[in-house]
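Down below is the structure, laid out as structure tokens.
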Amino acid sequence: MKLLDIGVLAEKSGVSPSALRYYEEIGLIESFSRHGLRRQYAPEVLQQLALISLGKIAGFPLSEMKGMFGKDGSADLPRQALHQRADQLDLQVRQLTTLSKALRHVAECPAETHTECPKFRRLMQAALHARK
């Protein structure tokens, strides 16, 4: 097996060496050995890093991602958690779409000032209530 030096792994994955060390510290990845002071990783760690990156994009905290790997480091994705996160993302997309449309309306509103625009006033009220 050809091991990847931490610098090579960082270059291939786009993950900084400090992040790789942190991921190892919290148990997300594991180094195979050391060459001098430099950590060496199995090539399979690249796939784990891709999964970690995808999980971060999807909004999963690193603490939850630890449970997305089997004992051998292969992906073991909890389907229920994926469904829940997808539902949360769908809701966020709907909310952001609504907000985007409202902002576009306000930007193009013919009212003399934004505060005279009824839609803008509703948007401000909704923002107040959303903070509660």
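Read-outs: derived from the displayed coordinates by stated rules, not from any lab. What you are looking at is a predicted structure, and each value in this text was computed from that prediction instead of being measured. Cβ sites come from the backbone with ideal geometry, for glycine too, and all protein chains shown count toward neighbours.
Within a Cβ distance under 14 Å of F69, other residues only, what is the Lys/Arg minus Asp/Glu net charge?
Details: positive: K66, K71; negative: E24, E30, E44, E64, D72, D76.
Net of charged neighbours comes to -4.
Compute the normalised compactness of the stretch 4-77: alpha-carbon radius of gyration over 2.2 N^0.38 Å, N being the residue count.
Normalised Cα radius of gyration, the stretch 4-77: 1.03.
Counting other Cβ atoms within 10 Å, which GluC sites (Glu not before Pro) in the stretch 55-125 have at most 14 and lie in a DSSP loop?
E112
For Cα pairs less than 8 Å apart in space and 6+ apart in sequence, what is the mean separation divided by the residue count of the stretch 14-77, i.e. the relative contact order in percent? Kindly include the intermediate steps, with their values, before the conclusion.
Working: 44 pairs, mean separation 14.2, N = 64.
That works out to 22 percent.
Rank-order 26-38, 76-88 by packing density, defined as the average count of other C-beta atoms within 10 Å over each peptide's residues, highest first.
Numbers: 26-38: 13.3, 76-88: 11.5.
Order by mean packing, descending: 26-38, 76-88.
Can you list, largest first and rounded to whole Å, the semi-axes you get for the chain by taking the square root of 5 times each eigenvalue of its Cα gyration tensor? Numbers along the way, then the final one.
Working: eigenvalues 423, 58, 26 Å².
Result for the chain: semi-axes of 46, 17, 11 Å.
About the Cα centre of the chain, what is the dipole size in debye to 20, counting +1 per Lys and Arg Cβ and -1 per Asp and Glu Cβ, all else neutral?
Using only the charged Cβ atoms, the result is roughly 300 debye.
Which whole-number percent is the relative contact order of the stretch 20-117 (Cα, under 8 Å, 6+ apart)?
Result for the stretch 20-117 is 15 percent.
For the chain, find the longest principal axis of its Cα atoms and tell me its angle to the long axis of helix 45-58, 0 to 90°, nearest 10.
Compared with the principal axis, the helix lies near 10 degrees.
Net charge within 12 Å of I26 by Cβ-Cβ distance, Lys/Arg positive one each and Asp/Glu negative one each, not counting I26 itself?
Neighbourhood net charge equals -2.
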